[in-house]
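The values are calculated or read from the model by the stated rules, or taken from the named source; none is laboratory data. Owing to the predicted nature of the structure, the values given are computational and were not obtained by experimental measurement. Quick reminder, even Gly has a Cβ in these numbers, built from the backbone with ideal geometry, and neighbours come from all protein chains shown. With ligands, DNA and RNA removed, areas are computed over all heavy atoms of the protein, side chains included. Shrake-Rupley method; radii C 1.70, N 1.55, O 1.52, S 1.80 Å.
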Amino acid sequence: MNHSHAGLTSAEAEARLARYGPNLLPSEPPPGVLEIALRQLKSPLIYVLLAAALAALALGDYSDAGFIGVVLLLNSGIGGWQEWRAEQQSQALQRMLHVRATVLRDGRAVEIDAEQVVPGDVVALESGQRVPADLRLLDEHGLEIEESLLTGESLPVGKDASWSGPPDTPLGDRRNMAFAGSTVTRGRGHGEVIGTGTSTVIGGLALTMSATLRGKPPLVARMERFSRVIAVTILAAAVLVGAIGVLVHGQGVGQMFVFGVALAVSAIPEGLPVALTIALAIAARRMASRGAIVRRLPAVEGLGSCTLIASDKTGTLTCNELTVRELWLPDGSEFVTTGAGYEPAGEILPKESVLHPAPPSLRALLEIAAVCNEADLVGRDGHWNWRGDPTDVALLALARKGGIDRDQLLLERPQVGEIPFEPERRYAASFHQRDGRTWVATKGAPERVLPMCRMPEADQVVARRAAEALAGRGYRVLALAAGWLPERMTREAVPVEPQDLALHGLLGLIDPLRGAAREAVERCRAAGIRVVMVTGDHPLTALAIARELGIVEDASQVRTGPELAAAAPGELKAMLDGACVLARVTPDQKLAFVEAAQAAGHFVAVTGDGVNDAPALRRGNIGVAMGRGGTDVARDASDLVLSDDNFATIVNGIEEGRVAFQNIRNVIYLLVAAGIAEVLTVGLAVIVGLPLPLLPAQLLWLNVVTNGIQDVALAFERGHGDELRSPPRRPGEPIFNRLMIERAFLAGIWMAAVAFTTFVVLVESGVPVETARNELLLLMVLLQNVDAFNARSETRSVLRVPLANNPVLVVGVTGALLLHVAAMHLPFLQRVLSVAPLTGLQWLALPALALTLFAVMELQKLTWRWRRRTAGSSM
């Protein structure tokens, strides 16, 4: 490596570029349309349908095979279109930053594309620049770098080229290094490139992310289990019915095999994939309108299933913009500010909420904050732009809240000199002409500024205790003081360290909460979801934010990265179980926490915006990245992207996810109940030796005209408003739980009983079999129409669920019934389906029989609610 400040020669740079490759991070190309479409077929239920279609083709049953093929194409098209649109939205969110770097080549400074930087290059850094590669600093002057996207630390880090430390020093404490992807907030310096591309810290994290197995969304896991159960059950039922036909009634083996396959195909809920995809697509659209862009459809329900949120602090729960929150004056008065971030919207109010005029000493404090400042904060057309160190910008915002116009102040008190802030100096001073004298304003660390002040020792002790109290509450503390020089200073004079100053006050700065973050955490708690803050920030700062959010009560619930690193393997689980805040953690430790939570049975949603969050985002069951302030790497690792970077949007997404899951359950109930009814009706007829009650074409039509329409319409059901007032589903709970089993079997058995009894009565009363089948087909359509309304809620009465919640279902059921009525009157469909018009008396009797299902299911819901209340009161 070349350690000369002259940098590399052009020839050497070209050779190294050929050797090390361009300075680029590994990236996955965005998926194509075909890849996204094929992704929709990766489901066990789809595999079952494919097997059924192949069996139907082998037996020459082209109508069933064709119908299943249409279902699969429709499912792939709908899901593929939704995910393609989400991918386009996600790509549009990525900021197209073309990073340039100033390097020394052939002894002179040249500007090149960052991807052309090579190991050994000497890079010049200055305020506002993004660091293009990992650098070892050669020199620096007041250099501070913001590294939150790598470390989670919200405050800029002061750099020192002469610093040295052990190799295992945490990333945020390596003061002689500048890392790729971080941003220079103050000062300047030079550094030698020691790593580019995948050899950088950010590149290593990108490689770790790509090697990390993606977590499985809860819906995928549940649907895999459900598909296996449904496939085995239907296959067993078809084999049983076929065996009875052959062994008991002497039917031919070939005939019963064909019938068994047809029965299996009709009973398989082939409409489920489409309905499931539509339910998720609808929820994804609703979530997008509330600020959450879904990149992978199963993540919709997954967010609703999460039991634990591992949330980043900086930029997710907080604004990632420093704000002066508390002010302390030497007379003992204290003030707080409203508003958050760099936009100077808010007020400065007495902490005791006692309304009285602000003391002159408060204005003097704000004047120091405004003039001893190197940043800019400019408002234009209602928008605010800022440049410079975050602390200085926060001080300018504070001054504006107090009515201080910095530009006017500088006109009245022209600056004649300054001592810029340096990490080793730990203070800054600004010198001004005022009333024919030289006035000096100073800010800095309390332990540095207080000794410059002329004040009794007792007052010094009081000020130090006030500073310690602010620091103990997680604030970054600044002391502000001012005074006069004994002689008038000229611009050419070299400023000297101020002395004999008067202390004007202390400021407590913090990265404040996002507006709705506390309410969002409370909603999570009400919904039974555990929120754990995971950050690279200081434990005291993390504790202060977590207390304000209501995540923790005391410091015993905070764990730090060094504590986790020192813990024995057997102790780690116990430490994590009681933790609500993880501070000063590395990306590996965050990933380990996510894996430990998953091993404990949690469905984990991981939020974050930085490169340091990417491995955990990918490993979580659901990864949620920030769209505005997040990195491309974090977004690529995520399942959802928040376009507004608002933690509260996650809670809105949880609500929509729970609605989507309930709609999926409703669809599954409807399809399974219909399948049970069809299998039992046909199976009972075979067992007792009756003619087939429904022909294969009629079974296929029944699926199309009822399940093919109504299950999709159920996916449009809106929530009932109580989705966040119940605990999350147990991670191991299957979709087909006790309640659904009870409802599906009761509805299926009742429909089968009504249908089979009606068919038997008709046949035994001398009605021709074809006429009996015609009436039975209409009865089955009516029964499933009634059941579609029963399916809208598992526990609420149909009469208490407004039709306005789902007008699509009303239209769908009406349309399905009219379609069947039309088939009964159209000659072509009459021949294909063996149907005919019915008499007025039949139209009175059959709907009355169908409505008995309404009464039965209403009684079941009433009984279920009574049992739940009884169980709750006995606990």
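Gly165 sits among other residues whose Cβ lies under 11 Å from its own Cβ, and their net charge, with Lys and Arg +1 and Asp and Glu -1, is -1. Apply the a/c threshold of 1.5 to the C-alpha gyration tensor of segment 662-744 and tell me whether it is rounded, prolate or oblate. Here segment 662-744 falls in the oblate category. Shown here for segment 457-530: GluC sites (Glu not before Pro) in loop regions (DSSP other than H, G, I, E, B) with at most 11 other Cβ atoms within 10 Å, namely Glu487, Glu492.
For segment 199-204, putting each phi into the Karplus relation 6.51 cos²θ - 1.76 cosθ + 1.60 with θ = phi - 60° gives couplings of 7, 7, 4, 5, x, x Hz, in residue order, rounded to whole numbers and with x for Gly and Pro.
Charging the Cβ of each Asp and Glu at -1 and of each Lys and Arg at +1, and nothing else, the dipole of segment 360-470 about its Cα centre rounds to 220 debye.
Protein heavy-atom surface of segment 450-602, 1.4 angstrom probe: 54% of the accessible area is carbon and sulfur, with nucleic acids and ligands not counted. Surface composition of segment 716-875: carbon plus sulfur atoms hold 70% of the accessible area, using a 1.4 angstrom probe and ignoring ligands, DNA and RNA.
Around the amide H of Thr560, modelled in the peptide plane, lie the amide H atoms of Ala583, all under 5 Å away and 5 or more residues distant in sequence or on another chain. Working ranking of peptides 437-448, 635-646, 103-114 by packing, defined as the average number of other Cβ atoms within 10 Å per residue, highest first, is 635-646, 437-448, 103-114.
Computed over protein heavy atoms with a 1.4 Å probe, the accessible surface of segment 771-866 works out to 44 Å² per residue.
For segment 488-568, what's the relative contact order in percent, using C-alpha pairs closer than 8 Å and at least 6 residues apart? Relative contact order here is 24 percent. The residues of segment 504-585 have, on average, 40 Å² of accessible surface per residue, using a 1.4 Å probe with all protein chains present. Residue ranges 197-203, 132-138, 598-604, 762-768 sort as 132-138, 197-203, 598-604, 762-768 when ordered by packing (mean number of other C-beta atoms within 10 Å per residue, highest first). Cross-link pairs exceeding 24 Å between alpha carbons, from the set Lys313/Lys351; Lys159/Lys401; Lys351/Lys401; Lys313/Lys573: Lys313/Lys351; Lys159/Lys401. What does the C-alpha gyration tensor say about the overall shape of segment 305-399? Classify as rounded when a/c is under 1.5, otherwise prolate if a/b is larger than b/c, or oblate. Oblate, since a/c reaches 1.5 and b/c is not below a/b. Distant-in-sequence amide contacts of Gly483, defined by a placed amide H-H separation under 5 Å and a gap of 5 or more residues or a different chain, comprise Val440, Ala502.
Each peptide in 387-395, 403-411, 787-795 receives the mean, over its residues, of other Cβ atoms within 10 Å, and ordering these scores from highest gives 387-395, 787-795, 403-411. Summary value for segment 352-492: 21 percent relative contact order, contacts being C-alpha pairs under 8 angstrom separated by 6+ residues. Cα centroids of segment 109-164 and segment 714-786: 67 Å apart.
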